[in-house]
Amino acid sequence: AASPTGPWSDPTVCTFDAVPNMQMWHVDVLRDGDGVWRGIFDLSLGGLSRGDAVHLGSSTDGLDWNVSASPLFASHSGTFDSAHMYRSGGARDGDLVRMWVAGAALSGDWRIGYARVPIAAWPDPPS
C-alpha cells in the first residue's frame, strides 16, 4: 500500500495442506533471508474457539503452504498449556526461530511457553 491507510489489494485466499479435524485459529508469518516464508499456525479442533496445537509451515510465495502434519506444541502437553493455547509468535535468530506461545492451565492461570526451533524443523515449501 502507498500508505498505512491503503489503498490495499483485495484479499487472496491462501491454500495449505489440511491437518485432519483442525481449523485455523491464529497465524504468525516470518520472512526468511533465503526467500522462504515461515508460518507458525495455531490450529483448533473443529468447532472449538481455542488453540489446541501449533504447527509449522513453509511457503515460497506466501500463498501456498506446506504445513507439518505433526504439531510442534499440543495443548495438554505441559502444565502451562493444559487447558489451551492462545497465540504464538517467533523471531529468527541465526539458524533457529525463538518462539513464544501463551497458554492457560486447567487452573485458569495464563503462562508463556518458550522454545527454540531449528530452521531445519520446518517442512519444505510446496514445489
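The values are calculated or read from the model by the stated rules, or taken from the named source; none is laboratory data. None of the values given here were measured: they were computed from a predicted structure. Glycine gets a Cβ as well: all are built from the backbone with ideal geometry, and neighbour counts include every protein chain shown. These accessible areas exclude ligands, DNA and RNA; they are computed on the full protein's heavy atoms, side chains included. Shrake-Rupley method; radii C 1.70, N 1.55, O 1.52, S 1.80 Å.
A few comments on the model shown:
- Mean accessible surface per residue for the chain, computed with a 1.4 Å probe while every protein chain stays in place, in Å²: 58 Å²
- Exposure of Ser75 as accessible area (Å², to 10), given a probe of 1.4 Å and all protein chains: 10 Å²
- Carbon and sulfur %, accessible surface of the chain computed with the full protein complex present, 1.4 Å: 56 percent
- Asp17 exposes around 80 Å² of accessible area when a 1.4 Å probe is run over every protein chain in place.
- Estimated distance in nm for a label pair at Ser107 and Ser127, the labels positioned 7 Å out from Cα along Cα-to-Cβ: 5.0 nm
- Heavy atoms of Met24 accessible to a 1.4 Å probe, total area in Å² rounded to 10: 70 Å²
- P(r) of region 1-44 over all Cα-Cα pairs, binned every 10 Å from zero, in whole percent: 20, 37, 37, 7
- Heavy-atom accessible area ranking, 1.4 Å probe, most first, across Ser82, Ser3, Ser107, Ser59: Ser107, Ser3, Ser82, Ser59
- Alpha carbon Rg of the chain, scaled by the compact-globule rule 2.2 N^0.38 Å: 1.10
- Figure note: Arg116, Arg111, Arg87 ranked by solvent-accessible area, largest first, 1.4 Å probe, ligands and nucleic acids not counted: Arg116, Arg111, Arg87.
- Considering only alpha-carbon pairs that sit under 8 angstrom and 6 or more positions apart, the relative contact order computed for the chain is 20 percent.
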